[in-house]
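Worksheet: the structure to be examined is printed underneath.
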Amino acid sequence: MLWLKKITLTNVLEWGTYLLVFLLPMQTRWIYLAARLNGGDWEYGSNSLYGTEILLAVLVALFLVWRRKNNIKFAERNLVLLIGVFVFWSLATALWAVDYNLALYRWWLLVGGIMFYFLVAYGPAVKAKIMASLIAAAALQSVLALIQFFSQTVFGNKWLGLAPHWPADLGALVIAVGDERWLRAYGSLPHPNILAAFLLVGLVFLAGLSLTARSSKIKWSMAGAWLLILTGLFFTFSRAAAIVVIICYLIFVIWLAKEWVGYKRQYVFTAQLLAGGALVLIILAASFWPLLATRATGDGRLEVKSNQERLASYSESWQLIKIHPIVGSGLGNYTAAVYNRLDNRLPAWAYQPTHNLYLLVLAETGAVGLMMLFVICYLLFATKGTWTIKAALASLLFLGLFDHWLWSLYFGGMLWWLVAGLTIKKD
């Protein structure tokens, strides 16, 4: 049992962090308080305990012991101070929230995400290995996405946190082409757009790591992961993610062309990845053009309906913001505030956060909270971090223009703070 003697607090904390990153997409949870509204299940009013939260709690406790033992200091003092103020302001919003307990629950999730940020940024885990753990998880999610799309079934499993979906389900995310309904890939996540964002972060990380790849074995593994994740991303049919992929591709190509002046051999592999990925995307686009065209043009009945619902949610959010523009309606209380202050006659499923991260933060925490979040983002970009990680951070911020899950869902907060932590991590 000599291997037991080699186990140290540092090793447990390091490999525990890699495990947490890898397991992050798994949505296994215990709904210990199921809320209902107008006779239906109210997701955004329910309280859950995720399996990865338990692992996070253990790692955070070990991290506090490890930090004290190794006398680890937090750098970027202004950023740490502002995050602390943001945490306290978010807690303060519970005082005037419609649902005090719901605000406290959402605040607890926010604190968990921020503790994950400190664990990643200042813990013993190596930056490149954290990125590799996320890439491995993205590859696994892509395999699951391919199975789901080609079988046109998302099988349910409560132990894996998988909700079942079929094309005929009214609530399923599908593409309607004529009389056919094509199910989009979910992975193990609640929505295809969330899966797309996760896979996008994996691709950006992979592109960054490819710049330093030397071993042929590693390069082949990276190439396989690149094509697999890119294919999985395609079958989510996420329009916002597609825009980010195109932008990132253009930036990488321009950067590589600029660096190619001296024929820097280390960039050849990255160029090959980009070329191979572009070829795969062209083949996929040609093979599934009717579906892609429907999503791109937005002319289909379901696409038009989706766009109308998004516009309606923006109008709704502005009505709510006007009530408390400075202090907000309370953390996690958007749907509760809509029910209590705007319209209490809708079915439960219709009470959803507005599909814009910034409007949602403004509605819940007011102008005070939104300004602090903007400054936090500015300070993150101002650090001397790896530019590919900053590209992943910028990608998430862009996706926030079209969706709310980075703020409203546990997984979204964890992914955001993970990338934020990597932004300032030194090694």
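Values as computed for the structure displayed
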item	result
Separation of the residue 344 and residue 285 label points, Cα + 7 Å toward Cβ, nm	5.1 nm
Segment 81-128 versus segment 186-240: alpha-carbon centroid distance in Å	28 Å
Cα→Cβ-extended label distance, 7 Å offset, between residue 32 and residue 15, nm	3.0 nm
Extension gain, residue 168 back to residue 180 (0.36 nm per residue minus Cα-Cα distance, nm)	3.4 nm
Top of 12, 245, 111 by mean-square fluctuation, Gaussian network on the chain, Cα under 10 Å	12
Residue of 283, 175, 321 that the Gaussian network model of the chain assigns the largest fluctuation, springs spanning Cα pairs under 10 Å	283
Spatially proximal lysines relative to residue 127 (Cα-Cα < 30 Å; intrachain offsets below 8 disregarded)	5, 6, 69, 73, 217, 219, 258, 264, 384, 390, 425, 426
Percent carbon-and-sulfur accessible area, segment 277-427, ignoring ligands, DNA and RNA, probe 1.4 Å	67 percent
Segment 12-160 shape via C-alpha gyration tensor axes, a/c threshold 1.5	oblate
Theoretical ellipticity at 222 nm over the chain - DSSP helices of four or more residues, -39500 (n - 2.57) apiece, nearest 500	-22000 deg cm²/dmol
All lysines inside 30 Å of residue 322 as judged from Cα atoms, apart from same-chain residues fewer than 8 positions distant	305
Loop trypsin sites (Lys or Arg not before Pro), segment 2-103, which have at most 13 other Cβ atoms in a 10 Å radius of their Cβ (DSSP)	6, 73
Solvent-accessible ranking of 220, 108, 405, largest area first, probe 1.4 Å	220, 108, 405
Accessible area per residue in Å² at 1.4 Å probe, computed on segment 155-288	48 Å²
Contact order relative to length of the chain, as percent, for alpha carbon pairs under 8 angstrom and 6 or more apart	22 percent
Total formal charge among the other residues, if their Cβ is under 13 angstrom from that of residue 236, Lys/Arg +1 and Asp/Glu -1	+2
Carbon and sulfur %, accessible surface of segment 1-136 computed with the full protein complex present, 1.4 Å	67 percent
Accessible-area composition of segment 175-261, carbon plus sulfur, in percent [1.4 Å probe]	71 percent
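The values are calculated or read from the model by the stated rules, or taken from the named source; none is laboratory data. Just so you know, these numbers come straight off a predicted model, no measurement behind them. Cβ atoms come from the backbone with ideal geometry, glycine included; neighbour counts cover every protein chain shown. The protein model used for the area step is the full one, side chains on, heavy atoms only, and it has no ligands, DNA or RNA in it. Shrake-Rupley method; radii C 1.70, N 1.55, O 1.52, S 1.80 Å.
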